[in-house]
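Shown next, in C-alpha cells, is the structure this report addresses.
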Amino acid sequence: MEKILSEEKLKQFKTLLDECTRVVISAHVSPDGDAIGSALCMANFLRRKGKQVTVAMPNIFPDFLKWMPGADSILVYTRQQGQARAAVEQADLIIVCDLNQPSRLGGLEQDVMASKAPRILIDHHLNPADFCQVTASEPEMCATGEVMCHLLHQLGELDGISQEEAVCLYAAMMCDTGAFSFNSNRPVIFECISQLLARGIDKDQIYRNVFYTASEGRLRLQGYLLYVNMKVLGDYHTTIITLTNEERQRFNVKNGDTEGIANMPLQMLGMRLSIFINEDTEHPGVMKLSLRSVDDFPCDQMAARFFNGGGHKNASGGKLHCTMPEALEKVQKAIESFSEMLK
Ligand code: 5GP
Ligand code: MN
C-alpha cells in the first residue's frame, strides 16, 4: 500500500478527524460512483467513530447508486437547500471528495468556502487547488476511492473497516475504471481490492447493483442513441452523440440514467474519441459534454480549450451555454483543431 501523506500531514489529518464532532462530506456536481462511494465510505467510517455526519451533494445523483450503504440519507443541495446550508454552517470539519477546485461543488461552493471549519480534500484529479488544510491528491490513482483506501491504511484503520465501508470503496474504484477495464494497471489497485474482499464484500453483487439496473427506458434510449443519433466521423476516429431533454422525456429517462453512454462508441474498432452532448435537465440552455478517449488522446485539453471544462486524459467533461446546434458547431471546431491527433 502507498503512503499518501507526510508524517506531519498525517498527524494533522488524524487530529482533524479525532477532534471534529459535526462533519459535512461533499463531492463534485453530478456525482458519479466514485464521488458517492468515497463520500459514503468516509461518512460510514466517521459515524462508526461516533461523529455526526451529513453527506451533502450539490445536485441529484443516479438511481443506480442509491443502493449504497448510507445513500438514503444524502442531502441534495438543489432540493434541500436549507438543510444542506445549515449542515455546512454548523460543521466543524468539511471533507470534499473527487474534485480539484471549489467551483466543482456547484451551489455548495459559497457556503463551503465561507465556513470557518477546516477542510480536507481527498481526490485524484490533476492540479488540485489550494483551498484545504489537508490535501490528499493523487492524480495517478484510479479513483478517489483508491486514495481513501491508502489513507485508511496509513491511519492504521484499513484492517478494521466495516463491510459497508469496504463496499463503498470498491464501488468507487469499480465505477471510475469501468469495472477495472481502464486506468487500472497499477498492481497496488489489486492489493486494495484484495484488502476489501477480505472484509467480506461481494464484488459480483456490487457489479450487478451498478451495471445491471437499467430501466426499460434507459436500455431503449441506448439503442436509439446508437442507432439514430450517433454520428461517426470515420476520418477522425471520432463519434458524436446528442441527447436533448425532449428525447430524454420520450424515453422517460432521468439525469444520470445516461451514465456510461459516452463510453459506448469506443467499443468500435479504431475509435479514438467519443463526444456525448447532453442537454442539462436542471438547467435548460446548458449543454453538458462528456469526452472519452483511448490511448494518448487528451480529452482534458480539448475540454479545457473548447468546453469550459477539464478532467482526466481519457475522461473529461465540460459545459456550454447554448443550443444543441451551436454545441455541435463548437464540437466540430474542437475536432478540427485536434485533427492531427485524431486522423
Ligand atoms: P462526465 O463525463 O462523467 O460528466 O465527467 C468525466 C470527468 O470529467 C469527471 O470525472 C471530471 O473529472 C471531468 N469533468 C466533467 N465535467 C466537468 C466540468 O464541467 N469541469 C471540469 N473541470 N471537469 C469536468
Ligand atoms: Mn473520480
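The values are calculated or read from the model by the stated rules, or taken from the named source; none is laboratory data. Since this is a predicted model, take the numbers as computed values, not measurements. Glycine gets a Cβ as well: all are built from the backbone with ideal geometry, and neighbour counts include every protein chain shown.
Residues in region 128-183 that are surrounded by fewer than 20 Cβ atoms within 10 Å (Cβ to Cβ), within 20 Å of residue 31 (Cβ to Cβ) and among the small types (Gly, Ala, Ser): 4 in all.
Could you give every pair whose Cβ atoms fall below 6 Å, whose first residue belongs to region 227-253 and is on the phi > 0 side of the Ramachandran plot, and whose second residue is surrounded by 16 or more Cβ atoms within 10 Å (Cβ to Cβ) and at pLDDT 95 or above, counting only separations of at least 6 or pairs across chains? Matching pairs, first to second residue: 237/271; 237/272; 237/342. Could you go through region 326-341 and let me know if any residue there is among the β-branched types (Val, Ile, Thr), touching a helix residue (DSSP H, G or I) at 6+ places or on another chain (Cβ under 6 Å) and either in a helix (DSSP H, G or I) or surrounded by fewer than 21 Cβ atoms within 10 Å (Cβ to Cβ) (or both). Yes, region 326-341 contains a residue that is among the β-branched types (Val, Ile, Thr), touching a helix residue (DSSP H, G or I) at 6+ places or on another chain (Cβ under 6 Å) and either in a helix (DSSP H, G or I) or surrounded by fewer than 21 Cβ atoms within 10 Å (Cβ to Cβ) (or both).
Report yes if residue 169 is touching a helix residue (DSSP H, G or I) at 6+ places or on another chain (Cβ under 7 Å), within 14 Å of ligand 2 (Cβ to nearest atom), part of a helix (DSSP H, G or I) and not aromatic (Phe, Trp, Tyr), otherwise no.
Values: touching a helix residue (DSSP H, G or I) at 6+ places or on another chain (Cβ under 7 Å): yes; within 14 Å of ligand 2 (Cβ to nearest atom): yes; part of a helix (DSSP H, G or I): yes; not aromatic (Phe, Trp, Tyr): yes.
Yes, satisfied.
Just to verify a result, which residue in region 138-156, among those that are part of a loop (DSSP other than H, G, I, E, B) and in contact with an Asp or Glu (Cβ under 8 Å, 6 or more places away or on another chain), is farthest from ligand 2 (Cβ to nearest atom)? Break it down into steps so the answer makes sense when it comes.
Going residue by residue through region 138-156, those that are part of a loop (DSSP other than H, G, I, E, B) are 138-143, 155-156.
Subsequent filtering for residues that are in contact with an Asp or Glu (Cβ under 8 Å, 6 or more places away or on another chain) retains 138, 142-143.
Working: 138: 11, 142: 8, 143: 5 Å.
Only one residue tops the list, namely 138.
Can you pull out the residues in region 117-158 that are of a type in the set (Val, Ile, Thr) and within 15 Å of ligand 1 (Cβ to nearest atom)? Even if it seems obvious, please write down each step before you answer.
Narrowing region 117-158 to residues of a type in the set (Val, Ile, Thr): 120, 122, 134-135, 144, 147.
Passing the criteria: 122, 144, 147.
What number of residues in region 259-284 are within 28 Å of residue 341 (Cα to Cα), polar (S, T, N, Q) and without any contact (Cβ under 8 Å) to a residue 40 or more places away in the chain? Let's see the steps before the verdict.
Looking only at region 259-284, we keep the residues that are within 28 Å of residue 341 (Cα to Cα), and these are 259-279.
After this cut, where a residue has to be polar (S, T, N, Q) as well, the list is 263, 267, 274, 278.
Next, only the ones that are without any contact (Cβ under 8 Å) to a residue 40 or more places away in the chain stay: 267, 274, 278.
Qualifying residue count for the region: 3.
Being within 30 Å of residue 336 (Cα to Cα) and at pLDDT below 95 is the requirement here; does residue 218 meet it? Spelling it out, it is not the case that residue 218 is within 30 Å of residue 336 (Cα to Cα) and at pLDDT below 95. Contact annotation: no residue pair with Cβ atoms under 8 Å, 6 or more positions apart or on different chains, pairs a residue in region 25-51 that is under 13 Å from residue 123 (Cα atoms) and free of Cβ contacts under 8 Å to residues at least 12 places away in the same chain with a partner that is within 14 Å of ligand 2 (Cβ to nearest atom) and part of a helix (DSSP H, G or I).
Restricting to region 292-323, and then to whatever is part of a strand (DSSP E or B) and near ligand 1 (Cβ under 7 Å from one of its atoms), can you tell me which residue is surrounded by the fewest Cβ atoms within 10 Å (Cβ to Cβ)? Talk me through it step by step, then tell me what you get.
Here is the first cut: in region 292-323, the residues part of a strand (DSSP E or B) are 292-293, 310-311, 315-321.
Pick out the ones that are also near ligand 1 (Cβ under 7 Å from one of its atoms) and you get 310-311, 315-319.
Details: 310: 21, 311: 20, 315: 20, 316: 23, 317: 24, 318: 22, 319: 18.
Of everything passing the filter in region 292-323, 319 is surrounded by the fewest Cβ atoms within 10 Å (Cβ to Cβ).
Just checking, does region 226-243 include any residue being surrounded by 13 or more Cβ atoms within 10 Å (Cβ to Cβ), at pLDDT 95 or above and more than 24 Å from residue 293 (Cβ to Cβ)? There is no residue in region 226-243 that is surrounded by 13 or more Cβ atoms within 10 Å (Cβ to Cβ), at pLDDT 95 or above and more than 24 Å from residue 293 (Cβ to Cβ).
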